[in-house]
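Have a look at the structure below, then the notes.
The values are calculated or read from the model by the stated rules, or taken from the named source; none is laboratory data. Everything numeric here is computed off the predicted structure, so don't read it as measured data. All Cβ positions, glycine included, derive from the backbone under ideal geometry; neighbour counts span all protein chains shown. Side chains included, ligands, DNA and RNA excluded: accessible areas come from the protein's heavy atoms. Shrake-Rupley method; radii C 1.70, N 1.55, O 1.52, S 1.80 Å.
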Amino acid sequence: MRSCRVFLVAGWLLGAVLWMILPQTALAQGWGSVEGRVTEAGGDVLPGITIVVDGTNFGTASDEAGQYRMRIPAGRYALRFTAIGYQAFVDSVVVQRDAVTTLDVKLRPATLELDEVTVEESAVAPEAGVQQIEPEQVRNMPSPFKGFQALKVLPGVSSNNELSNQYSVRGGGFNENLIFLNGFEIYMPFRPRQGEQEGLGLFNPELAQRITLYTGGFPARYGGKLSSTLDIQYRRPDEEPLNGSAYVSLLDAGATAGASALDGRLGWLFGVRKAQARRFFSTQELKGNYQPDYLDIQGLLAYELAPGHEVEVMGIYADHTFRLDPRGRKTFFGVVSTDPNQASALQSVWISYDDRSGERDGYTTGFAGARLKTRLAPNLRAEHDVSFFKTEESERFNLIGQTVIYDVDPGSDPDSQEGMFPRGSAQQEEFADNFVGVTTWTGKGRYLLSLRRHAAEAGWYVRQLSFEDRIQESSAVQGRSPDGDIVRLIANSLEDAVSFDERQAGFYAQDALALLPDPDRFVLTAGLRTDYFSFNDEWTVSPRLSARYLANERLTLTGAWGLYYQAPTYRELRGAPEPGTSIIGALNRDLKSQRAMQFVAGGELFMPRRRLYLRAEAYWKELDNLISYTLENVRVEYSGENDAEGRVYGLDLQARGELVPGLESWINYSFMVAREELLPEYRTAQNEGIVPRPTDQRHTFALFVQDYIPTDPTWKLHMRALFGSGLPYTPPVPGDRVGNLVIQEPGDRFSARYPEFRRIDFGVTKYITVMEQGLNNPLRLELTAELLNVFDMTNTVAYSWIPDAQGVWQRIPTRLTPRTINVRLRATF
């Protein structure tokens, strides 16, 4: 096993090295070179001139002698030469395969009039903890569904489940992330049990214009969560004719359209998505009749009432239904030894479900928001909005399965029962009829003032929340006693209902101040936020501070500090009611907001000769008033008590650049430690001491590569690779014996770990221009083939426990999807 891990790590390192040298080796096939000398009109050489392919970030810089050389795929290009104090110059060049093309350039000094400033085109200076990903990259990234799953390739983000939209940021829980669409807050499902239930998610990348993720140190305008903020801005059609796209694949289909009217005063955008991924879900070990049906409709309307006054309306309707009629499951697990001196320990579990078994889960979400934008003065504007969000989540299943555990001869046929020796059997029964309804009404205001050296901002919000919860679930195991009598053990039984209303309110103010004569050189942002939650009658105060310093043209330093609070919303409030305890009785009105003090420090180094960005960021979080929780698959179960304190620290590293013009690639590595300790009054023999948090994933690695075939740039290639070390879980230990069944009891808290998560997805796309002039824009087709989980890697997301003939519970892995092929056709017009 150790040799396998060494081989795996070596493989990832080799991939990283290949990525770094790719431009000079593999990509050199079909490439040529362009070189030359950059001088002033008078003949003096110009070092440090930026040379890029126009419209991309692919390029180089001139050296001390004004010389430059750039390898580039064969073809015709426009090269752009820029520097502060000189007029930008663009010239075309034709690059031949395996040949050198010479292009010498003379730049003229720029003539600046009074108060005019020329800024070199470059990447936006990074803030502490801020990551961005382009909507086109999200659409091109090979993955089962397009949307939240693309975040997994960003530094500090982890998720060991390709079926789920949930994600963890720098050791935070799934419930610790803010999500905004066009400034309106939306929510993930409140109580999913498995990824298949979640559907498409509410983020439609076909509509997006900008995607920003704050992984830590986010400013005072964002509050209410501990870990991150995802800010997604949809595009607003502005003076453009009708345009859109449509796509269909083996997993999903969708269409978008947008346009402006009334001389640009009216803009509208509309998108619809539909997914019925039966074939994809049926690749799992649990076989049956899968009937997922996911529908998502979104629209945006913006209208300029008068100059400086605009109203914006946004709506979402999503209906995600998951149905399953299970037939059976065959899972093989254990060790197959190739050493003749070491015996194999291969086992299998076969589960057969009767005709009464079935599952139906549903998530129906509605959202509506309206915003009024007003420019009160040239440097002062205001925004006021009101929004409504409602989600109804239902979970109904009745699963009755006969389970048999076998010892397996490794040389036997896995599709037959030859060489399989029964070790024990039992009947498992699981039932649930659960419902969660959450409704929110939110009103808020935002005010922005721009002065000579200040960018000030203030805002407020009020929110009404309504919760409705019905729980009715039970599980049982049936076996036989030593005398042959049937023994039925009730493992869990809960039944109750509750509804209640609460209120939230808050205010914030912040100011970004330029401290040096160059306004972009050193920017300090200070802010203060206060929030109130009626459930526990608690006020919190959150000071925030961040800074960005441009040390020179190549190096940017960033830092942030702040206090962050997360008020206990319904997941934390309800906790996990014990059998015989009502939900309302489990609600703890003395619960305090969880708190994190965060420190973030980092830097980004730009290498102009290779147009490569190297970024490193370290962070430290001190956590208190924690509400401890457990994680199984994607179901989060909170304790309902402020029973722990902890800390999280880590380091995120990234190298980012364009291997070919216009296509950005990157590689990330993250190291992270997340620890917690229960307070003395909550300690037992099983949870004492400092233990891992449920998200303690020590090492994560992500690689996203974009390329095209040098001889034919209309063929583009995309690859995503993910690796994450195993997450912790709490293994059960034997308790009392009832008949021939041994009761499970929790063992040492988070003392075991799941296997590593490993996955590589690959896609190839052919771009075809059908008509240069269609309805209003060129009509283009994109034909994509994706191979998901290329190497058919086995990943485990959870364990179930089944008793053998001796009544001892055996660990059975719940595995994710194997290798799958998807084909997609997309048209833009």
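For the range 743-829, compute Rh as the Kirkwood radius over C-alpha pairs and then the Stokes-Einstein diffusion coefficient at 37 °C and 0.692 mPa s; write the answer in µm²/s, rounded to an integer.
Details: Rh = 17.4 Å.
For these conditions, the coefficient is 189 µm²/s.
Take the Cα atoms of the range 198-266, build their convex hull, and give its volume per residue in Å³. The partial results should precede the final answer.
On the way: hull volume 9.3 nm³, N = 69.
Here the figure is 135 Å³ per residue.
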| With Cβ to Cβ distances under 13 Å as the rule, what net charge do the other residues near residue 657 carry (K, R +1; D, E -1)? | +1
| message | So, taking all protein chains as they sit and a 1.4 Å probe, how much accessible area belongs to residue 134, in Å² rounded to tens? | response | 100
| remark: With label points set 7 Å from each Cα along the Cα-to-Cβ direction at residue 777 and residue 679, the distance between them in nm comes to 5.6
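If you scale each eigenvalue of the Cα gyration tensor by 5 and take the root, what three semi-axes come out for the chain, rounded to whole angstrom and sorted largest first? Can you show the working numbers first?
Working: eigenvalues 465, 225, 140 Å².
Largest first, the chain gives 48, 34, 26 Å.
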| field | J(HN,Hα) series, the range 226-239, from Karplus relation 6.51 cos²θ - 1.76 cosθ + 1.60, nearest Hz, glycine and proline x | value | 8, 9, 7, 9, 10, 10, 10, 10, 7, 7, 10, x, 10, 6
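Relative contact order for the chain: what is it in percent, counting Cα pairs under 8 Å that are at least 6 residues apart?
10
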| request: Output the peptides 376-383, 163-170 sorted from most to least packed, where packing is the average of other Cβ atoms within 10 Å over each peptide's residues. | output: 163-170, 376-383
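Which of the peptides 259-266, 139-146 is most tightly packed, and how do the rest follow, judged by the mean count of other Cβ atoms within 10 Å per residue? Mind showing how you got there, number by number?
On the way: 259-266: 13.8, 139-146: 22.8.
Answer by packing, highest mean first, reads 139-146, 259-266.
For the range 684-809, what is the convex hull (Cα atoms) projected area averaged across all directions, in square nanometres? Don't skip to the answer; put the middle values down first.
Numbers: hull surface 56.5 nm².
Result: 14.1 nm².
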| query | Mind checking the log10 I(q)/I(0) for the range 128-284 at q = 0.12, 0.13, 0.15, 0.21 Å⁻¹? Debye, one equal scatterer per Cα, no solvent, two decimals. | reply | -0.56, -0.66, -0.86, -1.43
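Below 11 angstrom from the Cβ of residue 683, what's the summed charge of the other residues (Lys, Arg +1; Asp, Glu -1)?
Numbers: positive: 749; negative: 643, 677, 681, 688.
Spelling it out: positives minus negatives among the neighbours equals -3.
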| task | Grab the other residues whose beta carbon is less than 13 angstrom from that of residue 45, score K and R as +1, D and E as -1, and report the net. | result | -3
| remark: For the table 287/766; 373/621; 444/592, the rows whose alpha-carbon distance is greater than 27 Å are 287/766; 373/621
| request: Return one quarter of the surface area of the convex hull spanned by the alpha-carbon atoms of the range 386-476, equal to its mean projected area, in nm². | output: 13.7
| task | Could you tell me what percent of the accessible area of the chain is made up of carbon and sulfur, with a 1.4 Å probe and every protein chain present? | result | 55
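Which of the peptides 284-296, 208-220, 714-726 is most tightly packed, and how do the rest follow, judged by the mean count of other Cβ atoms within 10 Å per residue?
Answer by packing, highest mean first, reads 208-220, 714-726, 284-296.
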| note | Stretched fully, the stretch from residue 212 through residue 454 gains (0.36 nm per residue minus C-alpha distance, one decimal, in nm) 84.8 nm
| Mean accessible surface per residue for the range 205-326, computed with a 1.4 Å probe while every protein chain stays in place, in Å² | 36
| field | Beta bridge orientation in the chain: antiparallel %, DSSP, nearest 5 | value | 95
| remark: Nearest 10, in degrees from 0 to 90: the angle of helix 2-21 to the longest Cα principal axis of the chain is 20
| field | Per-residue [θ]222 nm for the chain (sum of -39500 (n - 2.57) over DSSP H runs n ≥ 4, rounded to 500) | value | -1000 deg cm²/dmol
